[in-house]
Amino acid sequence: MKFKLDENIGQRGKQLFIDAGFDVSTVVEQKLTGAPDSELIMVCQQEKRCLVTLDLDFSNPLNYQPSPYSGIAVLRLPKQLN
């Protein structure tokens, strides 16, 4: 499976995906930092990558219906990580 990690997913998160054997690309590596959500999701669609993000805007199916995309995973992390 191919993933695109949003700019809010750090290097440690990227390494977890790589260690699990996934094909990983990041918003930062592609110089898409600060790009509008519509541009980012279009790039993910073109590359057939599942977007992994903390951005709640992508969790609204009225704005981003899941069917045209390879996936949108919105992560919710605990307030304190141990």
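The values are calculated or read from the model by the stated rules, or taken from the named source; none is laboratory data. Treat the numbers as computed from the prediction; the structure is a model and nothing was measured. Cβ placement follows ideal geometry from the backbone for every residue including glycine, while neighbour counts extend to all protein chains displayed.
Listed values, structure above:
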item: Check on residue 1, hydrophobic (A, V, I, L, M, F, W, C), touching a Lys or Arg at 6+ places or on another chain (Cβ under 9 Å) and surrounded by 11 or more Cβ atoms within 10 Å (Cβ to Cβ); result: yes
item: Residues that are surrounded by 12 or more Cβ atoms within 10 Å (Cβ to Cβ) and either at pLDDT below 95 or assigned to a loop (DSSP other than H, G, I, E, B) (or both), drawn from region 64-82; result: 64, 69, 70, 71, 75
item: Residue check for residue 25: in contact (Cβ under 8 Å) with a residue 60 or more places away in the chain and touching a strand residue (DSSP E or B) at 6+ places or on another chain (Cβ under 9 Å); result: no
item: Hits in region 6-27 - residues which are in contact with a Leu (Cβ under 8 Å, 6 or more places away or on another chain) and of a type in the set (A, V, I, L, M, F, W, C); result: 9, 17, 24, 27
item: Hits in region 52-73 - residues which are of a type in the set (A, V, I, L, M, F, W, C) and within 16 Å of residue 10 (Cβ to Cβ); result: 52, 54, 73
item: Within region 25-63, considering residues that are of a type in the set (Asp, Glu) and assigned to a helix (DSSP H, G or I), the one nearest to residue 6 (Cα to Cα); result: 37
item: Members of region 10-24 that are surrounded by 12 or more Cβ atoms within 10 Å (Cβ to Cβ), modelled with pLDDT of 95 or more and either of a type in the set (Gly, Ala, Ser) or part of a loop (DSSP other than H, G, I, E, B) (or both); result: 22
item: Residue 56 vs. criteria among the hydrophobic types (A, V, I, L, M, F, W, C), in contact with a strand residue (DSSP E or B) (Cβ under 9 Å, 6 or more places away or on another chain) and surrounded by 10 or more Cβ atoms within 10 Å (Cβ to Cβ); result: no
item: Selected residue (criterion: farthest from residue 25 (Cα to Cα)) from residues of region 35-82 that are among the hydrophobic types (A, V, I, L, M, F, W, C) and in contact with an Asp or Glu (Cβ under 8 Å, 6 or more places away or on another chain); result: 58
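Matching residues to (1) touching a Leu at 6+ places or on another chain (Cβ under 9 Å); (2) of a type outside the set (Ser, Thr, Tyr):
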residue	(1), (2)
34	no, yes
37	no, yes
40	yes, yes
44	yes, yes
62	no, yes
69	yes, no
78	no, yes
